[in-house]
Amino acid sequence: MMMTMNVIGTGVGRTGTYSLKLAINQLGFGPCHHMEEVLNAMPMQLPLWSAALAGMPDWEAIYKGYNSAVDWPTAAFFKELLEVFPRAKFVLTERPAESWVDSFTPTIYQLLAAKDNAPVEMHEWLTMALELAHKSGIPLGLNRHELIKAYTNHNDAVKNTIPASQLLVYEVNQGWEPLCEFLGKAVPNQLFPQTNGQNEFWDRVTGKI
């Protein structure tokens, strides 16, 4: 494969992935793919990711124009992407499991659970997103305890799959230093991007921003 991916995020949604996307772009490893890119280009992106979920990925087409990727859909394919991009650096965004459930449940999980009531133009995207969550071990219908276990299991699977020398386990509230050291970049003078709270999530999904 001719293309290269420099940085691949393996953390699921609501772990600071949007902040990480902005930081990666700022450090010169962009453009960085994120679920927002799928939302903004559904006619092109949805068929590609649906094919990947069916076991027929075209990574060249999926990541055309991108040098890095974070968030779902990418995070569900960390095993496949390690094989395709064996020299990439991987970043697992984490947060305390209880905190993650408190953020995930009223945002992504609520959105997926309400799929049948969503506007028709969102159905195909939501179907794909449900499959991604399922692939990451987070199907619909889990209670709080089960969600914590599923989240922990995903993160453990990443740590057990990606060689330690290529993996940064990272919380975005740690700021620039660990990320810059891992990627071999100087720490920028600007504050680390902190973004995509719950209200901003809903504005992004509904197209208000």
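The values are calculated or read from the model by the stated rules, or taken from the named source; none is laboratory data. These figures come from a predicted structure and were not determined experimentally. Glycine also receives a Cβ, built like all others from the backbone with ideal geometry; neighbour counts cover every protein chain displayed.
Annotations
- Any hit, segment 17-32, residues being of a type in the set (Val, Ile, Thr) and under 23 Å from ALA164 (Cα atoms): yes
- Scanning segment 145-177 for residues that are over 17 Å from PRO96 (Cβ atoms) and in contact with a strand residue (DSSP E or B) (Cβ under 7 Å, 6 or more places away or on another chain) yields ILE162, GLN166, LEU167, LEU168.
- If you go through segment 128-150 and keep only what is closer than 15 Å to ALA76 by Cα and out of contact with any Pro (no Cβ under 7 Å at 6 or more places or on another chain), you end up with MET128, ALA129, LEU130, GLU131, HIS134, LYS135, SER136, GLY137, ILE138, PRO139, ALA150.
- In segment 126-163, the residue that is surrounded by the most Cβ atoms within 10 Å (Cβ to Cβ) out of those that are part of a loop (DSSP other than H, G, I, E, B) and without any contact (Cβ under 8 Å) to a residue 40 or more places away in the chain is LEU142.
- Residues within segment 83-105 that are under 15 Å from the mean Cα position of the chain (by Cα), aliphatic (A, V, I, L, M) and over 25 Å from LEU140 (Cα atoms), tallied: 1
- Any hit, segment 165-173, residues being of a type in the set (Ser, Thr, Tyr) and out of contact with any helix residue (DSSP H, G or I) (no Cβ under 7 Å at 6 or more places or on another chain): yes
- Here segment 1-59 is the region considered, the condition is being in contact with a Lys or Arg (Cβ under 9 Å, 6 or more places away or on another chain) and of a type in the set (Gly, Ala, Ser), and the residue that is nearest to PHE90 (Cα to Cα) is GLY9.
- The set of residues in segment 164-209 that are basic (Lys, Arg), in a loop (DSSP other than H, G, I, E, B) and at pLDDT below 95 contains only LYS208.
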